[in-house]
Amino acid sequence: MSQQADSSQLANCDHIPVIDLSSIDSVSLEERQKLARTIFDACTQVGFFYIKNHGIPEELVNGIHNAAARFFGLPEEEKMKYYIGNSQKFRGYSPIGGEKSTGTEDDPVPEDEAVGVLSEAFDIGYEVIMDSSKSKDAGLPLDPYGLYGDNQWPDEETIAGFSQTYVQYCISALDLCRKMMKIFALALGLPETYFNSSIQTPGVTSRMMHYPAQPVLGEVQEGLGAHTDWECFTILSQGKVPGLEILNHKGDWIMAPPIPGTLVVNIADCLSTWTNKTFKSTIHRVNNLSGEERYSIPFFFGVDYDATVSVLDKYTSSENPPCRPPFKAGDWVREKLSRAYVGYEG
Ligand SMILES: O=C(O)CCC(=O)C(=O)O
Ligand SMILES: [Fe+2]
């Protein structure tokens, strides 16, 4: 992996910075620009950073972790009522071994060698009620990519308050993501509103994940194989148990252990593409060697599925042509999802 990955997928560091987001809402442009410069450095050197003072209330973070532990604690046949294979939009429960390591673009795992991962997941996608910028009766856009809607929520009798808890978390996370897109625009020397027209009905997904403890690195399946994320960026709440690692340019896996009061942000493929890979979409994986159960909640923020992701002119030159031709975000995400599960293509 480390030999083949291009440098835009490798962190150029030995540690992951912690960034204080207190000034994200500052009325002072100067303060916001200062924050944007710090974020630019983290995105171009590491592709990962912790955020503190991020504005997602602690009780929502604790609530979503409790909901995840309750969901994964259900008997297998109960969880399978929400099996992802019932959905044409990649929404629902994927059992242990149900997802496979697909590798990265530069180093894909061949289809016949892909191994099921040692984790189980429950996946949801964008709903209008998760979006504080929308009225309750706003509709979803036309969806040629088959990715909006159709969440399979467990009913109240199975887990009381589950969907409300998850939706509340998503509202708060989505608000934060919209603010982050403004700071990213500023960091790239663009107007803060640059991405606004592309995040009207953003391609948001989130999942709860459960990683059972694995005894020894390399002797059993990985919790989650080496990969990059596909959307614009991810906000990850990883509870109290370590397991996440990122790959650096020396080929070392750097631990990204939980830091109380913080969340982890990582840049993903679409935002990396916009910047002609100036922002790193860094390779990461999960191995839970802690001896404890690990739960995490990634929140993947993407642009509208119908938005075009296209390398910004300012990041190209005759020596540095666009890394990819323009593409629709929905095409990109659906293609990746269709390869991620064992025996299921959506
Ligand atoms: O569980 C984690 O810490 C990371 C999960 C992750 O990388 C993913 O779901 O893409
Ligand atoms: Fe990831």
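Report for the chain the percent antiparallel among DSSP-assigned beta bridges with both residues inside it, nearest 5.
If we restrict to bridges inside the chain, about 90 percent are antiparallel.
So which of K34/K280; K34/K179; K250/K314; K52/K280; K134/K179; K240/K336 end up more than 18 Å apart, counting from Cα to Cα?
The pairs that break the limit, which is 18 Å between Cα atoms, are K34/K280; K250/K314; K52/K280; K240/K336.
How long, wide and thick is region 213-346, going by the Cα atoms along their three principal axes, in whole angstroms, largest first?
On the principal axes, region 213-346 reaches 50, 35, 31 Å in Cα extent.
I'm a student and want to see the number: the projected area of the Cα convex hull of region 1-119, averaged over all directions, in nm².
Result: a mean projected hull area of 11.2 nm².
With an 8 Å cut-off on Cα pairs and a minimum separation of 6 or more residues, tell me the relative contact order of region 241-300 in percent.
42
Quick one: compute the contact order of region 208-346, relative version, from alpha carbon pairs under 8 angstrom and 6+ residues apart, as a percent.
Dividing the mean separation by the residue count of region 208-346 yields 30 percent.
Counting GluC sites (Glu not before Pro) as exposed when in a DSSP loop with at most 10 other beta carbons within 10 Å, what is the longest stretch of the chain free of them?
Free of exposed loop sites, the longest segment is 1-156.
For region 248-307 and region 1-52, what is the separation of their C-alpha centers, rounded to whole Å?
With region 248-307 and region 1-52 each reduced to a Cα centre, they are spaced 12 Å.
On a C-alpha basis, how far is the centre of region 134-179 from the centre of region 187-245 in Å? Whole number, if you could?
18
Enumerate the amide H contacts of V109 below 5 Å, restricted to partners 5 or more residues apart or on another chain; note that Pro and chain-start residues carry no placed amide H.
Residues meeting the amide H criterion: G103, T104.
Which three extents, in angstrom, do the Cα atoms of region 282-346 have along their principal axes, listed largest first?
51, 28, 20
With θ set to phi - 60° and the Karplus curve 6.51 cos²θ - 1.76 cosθ + 1.60, what are the ³J(HN,Hα) couplings of region 245-251 in order, to the nearest whole Hz, using x for Gly and Pro?
Whole-Hz 3J(HN,Hα) from phi for region 245-251: 9, 10, 8, 9, 5, 8, x.
What list of ³J(HN,Hα) couplings, whole Hz, do you get for region 12-23 from phi and the Karplus terms 6.51, -1.76, 1.60, once you set θ to phi - 60° and write x for glycine and proline?
Result, ordered by residue: 9, 6, 10, 8, 9, x, 10, 10, 8, 8, 3, 8 Hz.
Compute for the chain: radius of gyration divided by Kirkwood radius, i.e. Rg/Rh, restricted to C-alpha atoms, rounded to two decimals.
Using only Cα positions, Rg/Rh for the chain is 0.93.
Bear in mind these aren't lab numbers, they're just calculated from the coordinates by the rules spelled out. Because the structure is a prediction, the values reported are computed rather than measured. When we count neighbours, we look across all protein chains shown, and the Cβ atoms used for this are built from the backbone with ideal geometry, even at glycine.
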